[in-house]
Amino acid sequence: MNVFTSAYAPVYRNVVFPLYEGVMRRRSIYDRYRRLSKAPGLGIDELREMQRRKLNDLVVYCNEHVPFYRELFAERGIDPRGVFDVEALRAKEIFTNKPIVRSAGDSILSREFVKEDLHNSATSGSTGTPVLFYMSRDNWCLRMATKYRCEDWIGKPLGTPATLIWGHKP
């Protein structure tokens with residue numbers, strides 16, 4: 001590691017990146033990255049409790065804001081406030097696969113968002129037809145924070161200079 005790299009990485013990681021993302025761009029990437037970085041220090045019981053709480057928050061949110069899930073939960077007799085385990089959803093055959101997402105249309109979108117304000121993306125189409133999906137800015141920030149955290153795990157901390165090469169096979 002040369003002098004530039006050894007000085008650049010910590011300055012970028014601790015000053016430039018947080019200021020640029022948090023202050024200038026008003027995005028939550030750095031805050032989420034820091035929270036993700038703390039998670040491996042949690043014990044197994046703390047992680048499981050966090051998973052239970054987050055699953056319940058998600059299910060309650062979907063019931064309140066996503067017509068597709070509100071109808072599905074009502075149809076299957078599920079009280080979202082009592083769901084803390086994925087098995088409870090599986091037991092009632094609550095899952096989302098590509099055909100379900102395709103057929104649900106806009107009823108699978110949260111009513112808290114305006115569709116035109118969301119970032120759209122799609123799966124690769126490896127099963128024959130790509131599935132279009134939408135992400136909020138907050139979700140995009142979480143994905144980016146997760147990417148940076150994963151790079152930490154493989155030995156490329158935030159701020160490490162890198163060259164990216166990409167393309168399509170001829």
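The values are calculated or read from the model by the stated rules, or taken from the named source; none is laboratory data. Computed from a predicted model, the values in this text were never measured in an experiment. A quick note on method: Cβ atoms are made from the backbone with ideal geometry, for glycine too, and the neighbour counts reach across all protein chains shown. Please note that ligands, DNA and RNA were not included when accessible areas were found on the heavy atoms of the full protein model with its side chains. Shrake-Rupley method; radii C 1.70, N 1.55, O 1.52, S 1.80 Å.
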Legend entry - Hz values of 3J(HN,Hα) by residue in the stretch 63-71 - Karplus curve (6.51, -1.76, 1.60), Gly and Pro given as x: 5, 7, 10, 10, x, 4, 6, 4, 5
Legend entry - Kirkwood hydrodynamic radius (C-alpha pairs) into Stokes-Einstein, the chain, 20 °C and 1.002 mPa s, D in µm²/s: 111
Legend entry - Estimated distance in nm for a label pair at Glu49 and Ser124, the labels positioned 7 Å out from Cα along Cα-to-Cβ: 3.9
Legend entry - Low-density loop cleavage sites - GluC sites (Glu not before Pro) in the stretch 1-107, where at most 12 other Cβ are within 10 Å (DSSP): Glu93
Legend entry - Per-selection Rg to Rh, the stretch 1-56 - Cα, Kirkwood hydrodynamic radius: 1.17
Inset, instruction - Once you have the Cα-Cα distance between Phe95 and Arg137, take 0.36 nm times their residue separation minus that, and quote the gain in nm to one decimal. - result: 12.7 nm
Inset, instruction - State in Å² the accessible area per residue of the stretch 44-134; use a 1.4 Å probe, count heavy atoms of protein chains only, and round to the nearest integer. - result: 70
Legend entry - Computed magnitude of the charge dipole of the chain (debye, nearest 20; Cβ of K, R +1, Cβ of D, E -1): 500
Inset, instruction - First compute the accessible area of the chain with a 1.4 Å probe, then give the percent of it belonging to carbon and sulfur atoms. - result: 57
Inset, instruction - Kindly give Rg over Rh for the stretch 118-164, based on alpha-carbon atoms, with the Kirkwood expression for the hydrodynamic radius. - result: 1.11
Inset, instruction - Compute the separation of the alpha-carbon centres of the stretch 88-132 and the stretch 46-61 and state it in Å as a whole number. - result: 21
Legend entry - Over the chain: helical MRE at 222 nm, DSSP H runs n ≥ 4 each giving -39500 (n - 2.57), nearest 500: -14500 deg cm²/dmol
